[in-house]
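Undergrad: Got a structure for you, questions after.
The values are calculated or read from the model by the stated rules, or taken from the named source; none is laboratory data. Everything quoted here is computed from the prediction, not taken from an experiment. Note: ideal-geometry Cβ built from the backbone for every residue, glycine included; neighbour counts use all protein chains shown. For accessibility, only protein heavy atoms count, side chains too; no ligands or nucleic acids. Shrake-Rupley method; radii C 1.70, N 1.55, O 1.52, S 1.80 Å.
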Amino acid sequence: VQLQASGGGFVQAGGSLRLSCAVSGRFLGFSTMGWYRQAPGAQRELVADIVRGDTTNYADSVKGRFTISRDNAKNMVYLQMNSLKPEDTAEYYCKMAVPLGQTYWGRGTQVTVSN
């Protein structure tokens, strides 16, 4: 199983980015998919996740600004990030948690938000 995150970049505060996570090797439809982030010197934290049935969960800091979605047919997960703030600067990671407990992580994609 491989997860490939993409879509990060450099953006000014107030701007938008859309992250994508491509999953190969396993159908993601039965799994919980999540986006996490890690800023320098900080712990990795949950940004948003989406479970089977499309129930979503967001960190308080991104509610109303970020939207997680999935496309089971394409085996893709997305994170639409609007109204970005400098404090959103971090490396963003995609995570897949399959039934029975296995967890897979992809490499991160860097998001940098300037003032």
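Undergrad: Can you tell me how region 20-59 classifies by the Cα gyration tensor, rounded, prolate or oblate, using a/c under 1.5 as the rounded cut?
TA: oblate
Undergrad: Under Stokes-Einstein, with the Kirkwood radius over Cα pairs standing in for Rh, what whole-number D in µm²/s applies to the chain at 10 °C and 1.306 mPa s?
TA: Here the translational diffusion coefficient equals 114 µm²/s.
Undergrad: Set the Förster distance to 25 Å, then compute FRET efficiency between residue 69 and residue 103 from the Cβ-Cβ distance, nearest 0.05.
TA: In this case the efficiency is close to 0.75.
Undergrad: Arrange the peptides 36-42, 74-80 so that the one whose residues have, on average, the most other Cβ atoms within 10 Å appears first.
TA: Order by mean packing, descending: 74-80, 36-42.
Undergrad: Another question, if that's okay. Treating cross-link reach as a plain straight distance, find the lysines whose alpha-carbon is under 18 Å from the alpha-carbon of residue 74, omitting any fewer than eight places away in the same chain.
TA: 95
Undergrad: With label points built 7 Å along Cα→Cβ from the Cα atoms of residue 57 and residue 26, find their separation and express it in nm.
TA: Distance between the two pseudo-spin positions: 1.8 nm.
Undergrad: With a 1.4 Å probe and every protein chain left in place, tell me how much accessible area residue 56 has, in Å² to the nearest 10.
TA: 60
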